[in-house]
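A.B. asks: Take a look at this one; I'll ask things after.
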Amino acid sequence: MSPAEPLCLEGAGEEALRQRRALLLSRPRRGPPPCRLRINVAYALKNAENARNRVYGHRVVFAFCRLSSAASPCSGFPAHAYAAAMQKYVVGFEIADARNLTTEDSQPCDPFVVVECCGKRYQTDTKEGKAMFVSWNEDNIWPDVELYPEEFESAYIEFTVYARNWFTRNYQIGKASLQLKSVNARTGHVYMKKSLPLRKEGETAAT
């Protein structure tokens, strides 16, 4: 019997009630709604691509990126050997809110978000006593992310939502990531107004 079909039972009284309860208990139960983090905008801009690129919906109205003349600190080669390869990228984001936060004890928590990208790190304010909905509306820009083209191909920006714990390690509610290459390939190099499903460490599906 499909879930859309009406429940038809013959008989009446206690036997019919028992059969109905058995049928209801045998049906699969829906799990809790997934944890999600909503970002208003994330962008990745590089040299020679719209040097004065407008990022709509964000306070940044243009970004200019240029080639870096710095050598790799571990390369042992002179700077001029890398000047044509390494580029500066502008990476930015705006964190809007999160929904359906789930902790170990299923109680309200004090959540915050840590954003990491290519050695850069940003942490939002901690909100107290939140569960079903929490709003941040915080934005940040890294105007000088230096990467070689090969590094940019595999670089990610990662958003991790934590619940603060005063006495032990902070509890990781879930994380989501965006590939900079994919963001850069979108129209205007912008990933806008998206809700990202959060996953646990080691999971490939959303929590």
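The values are calculated or read from the model by the stated rules, or taken from the named source; none is laboratory data. Not measured: the values here are computed from a predicted model. The area values use the complete protein model at the heavy-atom level, side chains included, leaving out ligands, DNA and RNA. Shrake-Rupley method; radii C 1.70, N 1.55, O 1.52, S 1.80 Å.
A.B. asks: Through the Karplus equation 6.51 cos²θ - 1.76 cosθ + 1.60, θ set to phi - 60°, convert the phi angles of segment 96-103 into ³J(HN,Hα) values in whole Hz; use x for Gly and Pro.
C.D. replies: With coefficients 6.51, -1.76 and 1.60, one gets 8, 7, 9, 9, 6, 5, 10, 10 Hz.
A.B. asks: Now a separate question. Cα to Cα, under 20 Å, and not fewer than 8 places away if on the same chain: which lysines meet these conditions relative to residue 120?
C.D. replies: The reachable lysines, counting only those whose Cα sits under 20 Å from residue 120, are 46, 88, 175, 181.
A.B. asks: Right, something else. Counting heavy atoms of the protein chains only and a 1.4 Å probe, report the per residue accessible area for segment 156-196 as a whole number of Å².
C.D. replies: Numbers: 2260 Å² over 41 residues.
It amounts to 55 Å² per residue over segment 156-196.
A.B. asks: Quick one: what are the phi-derived ³J(HN,Hα) couplings along segment 139-155, Karplus 6.51/-1.76/1.60 with θ = phi - 60°, whole Hz, x for glycine and proline?
C.D. replies: Those phi angles translate into 10, 7, 10, 10, x, 9, 7, 9, 9, 7, x, 5, 5, 4, 4, 10, 7 Hz.
A.B. asks: Can you give me the long-range amide H partners of residue 156? Hydrogens built in the peptide plane at 1.01 Å from N, cutoff under 5 Å, separation of 5 or more residues or another chain.
C.D. replies: Distant-sequence amide H within range of residue 156: 118, 180.
A.B. asks: Tally up the carbon and sulfur contribution to the accessible surface of segment 119-207 as a whole percent, 1.4 Å probe, everything protein left in place.
C.D. replies: Details: 2450 of 5180 Å².
The value for segment 119-207 is 47 percent carbon and sulfur by accessible area.
A.B. asks: Give the long-range amide H neighbours of residue 196: residues separated by 5 or more places, or on another chain, with amide H under 5 Å away, using H modelled in the peptide plane at 1.01 Å from N.
C.D. replies: So residue 196 has HN proximity to 37, 38, 39.
A.B. asks: Could you list which residues have their amide H under 5 Å from that of residue 165, counting only those 5 or more apart in sequence or on another chain, with H placed in the peptide plane?
C.D. replies: Sorted by chain and number, the residues that satisfy this are 170, 171.
A.B. asks: Separate question: Need the full-extension length gain, residue 18 to residue 201, defined as separation in residues times 0.36 nm minus the C-alpha distance. One decimal, nm.
C.D. replies: Values: separation 183, 0.36 × 183 = 65.88 nm, distance 4.26 nm.
Separation in residues times 0.36 nm, less the Cα-Cα distance, equals 61.6 nm.
A.B. asks: Right, next: From the phi angles alone, apply the Karplus equation (6.51, -1.76, 1.60; θ = phi - 60°) to segment 111-117 and give each ³J(HN,Hα) in whole Hz, x where the residue is Gly or Pro.
C.D. replies: x, 8, 10, 10, 10, 10, 7
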